[in-house]
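Take a look at the structure set out below.
The values are calculated or read from the model by the stated rules, or taken from the named source; none is laboratory data. Here the structure is a predicted model, which is why all the values come from computation and not from measurement. Cβ sites come from the backbone with ideal geometry, for glycine too, and all protein chains shown count toward neighbours. Surface areas here come from the heavy atoms of the whole protein model, side chains and all, with no ligands, DNA or RNA. Shrake-Rupley method; radii C 1.70, N 1.55, O 1.52, S 1.80 Å.
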Amino acid sequence: MPFTSEHSLRCRKDFPALSRTPEGLHLAYLDGPAGSQVPQTVVDAFGDFYATCNVNTRGNFWPSQEVDRRLAAAREALAAFLGAESASCVSFGQNMTTLNYALSAAIGHTLNPGDEVLITQLDHEANRGPWLRLQELGMIVQEVRLLPSGVLDLADMAAKITARTKVFALGASSNVLGTANDIKLARRLTNEVGALLVIDAVHYAPHFSLDVKSLGMDFLLCSGYKFYGPHVGVLYSRPGALDRLPTERLSVQDPAAPYRIETGTLNHAAIDALRAAVEYLASWGRGANLRERLVDAMTGIAAYEHELAKFYHDSVREMRGVHVWGPDFSQRFRAPTVSITLDKASAAQAATALGKEGICVWDGDFYAARAVQVLGLSDRGGVLRTGVSMYNSREELQRLLTGIAKLV
């Protein structure tokens with residue numbers, strides 16, 4: 001089902017934060033890459049959980065059994081969102097970074113000194129730091145080069161995936177440049193040498209329909225607060241992949257997937273609210289089941305976001321004194337995230353000036369510090385980043401363009 005500007009205008013009424021006018025400011029939330037706003041259904045899910053079943057799991061009484069039911073429903077919903085084989089492939093955690101540290105530590109225990117792990121210069125530190133730490137155990141960490149155009153050097157990638165490579169940790173999409181990486185190529189190359197493929201989909205999941213089963217990665221991580229939900233980390237594990245890892249867990253923890261990597265008592269209310277976020281996205285699609293509705297909705301929303309971001313990208317690129325970083329929008333798979341630098345103002349100065357006008361955009365490196373460094377932008381304070389979400393409008397982007405024009 002197409003998602004149009006009329007649908008976007010309708011959906012804005014579902015997000016309570018969008019109607020607030022603090023200090024008289026009409027806020028334009030163009031900061032989705034740092035975290036999206038949430039619909040009322042997500043807010044209501046929190047309240048309902050705490051009012052109904054704020055107890056622990058696996059008890060022999062109704063409120064506890066209700067918690068078990070809701071957690072199971074959340075795993076089913078996320079399995080549909082990811083295109084996973086079953087709910088048993090979905091683990092939850094505090095956030096993506098915490099889960100990735102746990103995953104990398106477990107995988108590290110299966111490696112030997114001299115084994116190689118491949119990361120990229122484009123990735124967020126959450127998909128670099130946990131793997132770089134394995135150097136302390138004697139593993140060798142290689143990097144795929146980032147080109148000035150904002151895309152990875154695919155020849156360099158192919159050359160660095162060898163018989164010594166045991167893990168390739170790759171971001172599906174860049175949170176600073178919007179670049180969408182070739183997961184199918186990465187899967188083919190890693191399959192040829194028997195290496196694990198770990199995908200960071202934090203910036204990809206909010207904008208594109210995922211199909212982990214057909215893509216065939218071993219692990220994928222994402223964060224609920226990027227796709228209209230609360231702060232919950234999500235880990236997909238290919239059937240059997242998690243069961244083979246020596247995860248750090250208490251002796252009383254269920255050793256089976258998906259629980260094998262989950263530690264302590266989870267944030268049950270947030271997980272239930274994440275289910276509500278997935279169901280909200282599905283409400284904008286058509287289909288016979290949740291998966292079909294999600295794919296339909298995400299396809300329509302992605303097209304809407306793409307056209308809106310393309311309008312901003314092409315417009316701001318025409319301004320004198322502005323440099324746009326990253327690939328253009330000629331490719332279909334390009335996240336709706338646009339980063340720029342200005343000749344006459346730093347990113348921080350620009351963000352501050354725009355913030356005073358109620359325009360919410362970010363400045364800095366957004367924890368993609370290596371990419372910003374490689375592009376030679378660290379000393380300039382990084383970039384000014386704009387992200388488009390389902391509730392954003394052309395009018396908001398026009399306000400942003402007007403604000404930037406004042407600065408240049």
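Listed here are the residues, each with its yes/no results for (1) among the polar types (S, T, N, Q); (2) touching a residue at least 12 places away in the same chain (Cβ under 8 Å); (3) within 25 Å of SER209 (Cα to Cα).
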residue: THR299; (1), (2), (3): yes, yes, yes
residue: GLY364; (1), (2), (3): no, yes, no
residue: ASP379; (1), (2), (3): no, no, no
residue: TYR391; (1), (2), (3): no, yes, yes
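Within the group LEU215, LEU147, LEU196, which residue is open to solvent by 30 Å² or more (accessible area, probe 1.4 Å) and without any contact (Cβ under 8 Å) to a residue 24 or more places away in the chain?
The match here is LEU147.
In the set VAL361, VAL322, VAL338, only one residue is at pLDDT 95 or above, farther than 30 Å from TRP284 by Cα and of a type in the set (A, V, I, L, M); that residue is VAL322. Could you grab me the full set of residues in the stretch 313-330 that are under 13 Å from ILE404 (Cβ atoms) and part of a helix (DSSP H, G or I)? Result: HIS313, SER315, VAL316, ARG317. Give the residues of the stretch 130-144 that are in contact (Cβ under 8 Å) with a residue 24 or more places away in the chain and open to solvent by 20 Å² or more (accessible area, probe 1.4 Å), sorted by residue number. Correct list: ARG133, LEU137, GLY138, ILE140, VAL141, GLN142, GLU143.
Across the stretch 209-244, what is the total count of residues that are more than 20 Å from LEU185 (Cα to Cα) and either over 11 Å from the mean Cα position of the chain (by Cα) or aromatic (Phe, Trp, Tyr) (or both)? Break it down into steps so the answer makes sense when it comes.
We begin by selecting, within the stretch 209-244, every residue more than 20 Å from LEU185 (Cα to Cα); these are 222-235, 239-244.
Restricting the remaining residues to those that are either over 11 Å from the mean Cα position of the chain (by Cα) or aromatic (Phe, Trp, Tyr) (or both) gives 225, 227-232, 235, 239-244.
Looking only at that region, the number is 14.
For the stretch 154-180, taking the residues that are of a type in the set (Lys, Arg) and crowded, with 17+ Cβ neighbours inside 10 Å, the one that is farthest from ASP218 (Cα to Cα) is identified as LYS160.
In this structure, is PRO113 open to solvent by less than 60 Å² (accessible area, probe 1.4 Å) and out of contact with any Cys (no Cβ under 9 Å at 6 or more places or on another chain)? So PRO113 does not fit the description; no.
Can you name every one of the strands (runs of 3 or more DSSP E) wholly within the stretch 331-408 that holds 1 or more residues which are among the basic types (Lys, Arg) and out of contact with any Gly (no Cβ under 6 Å at 6 or more places or on another chain)? If you could, list the steps in order and put the result at the bottom.
Details: elements: 337-342, 362-364, 383-387.
Answer list for the stretch 331-408: 383-387.
Which residues, counting only those in the stretch 276-312, are touching a strand residue (DSSP E or B) at 6+ places or on another chain (Cβ under 8 Å) and surrounded by fewer than 17 Cβ atoms within 10 Å (Cβ to Cβ)?
Start the filter on the stretch 276-312 by keeping residues that are touching a strand residue (DSSP E or B) at 6+ places or on another chain (Cβ under 8 Å), which leaves 306, 309, 312.
Scanning the stretch 276-312 gives no hits.
A quick yes/no check of all residues on (1) open to solvent by less than 50 Å² (accessible area, probe 1.4 Å); (2) out of contact with any strand residue (DSSP E or B) (no Cβ under 7 Å at 6 or more places or on another chain); (3) more than 30 Å from ALA297 (Cα to Cα):
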residue	(1), (2), (3)
GLU318	no, yes, yes
ILE340	yes, no, no
GLN373	no, yes, yes
GLY381	yes, no, yes
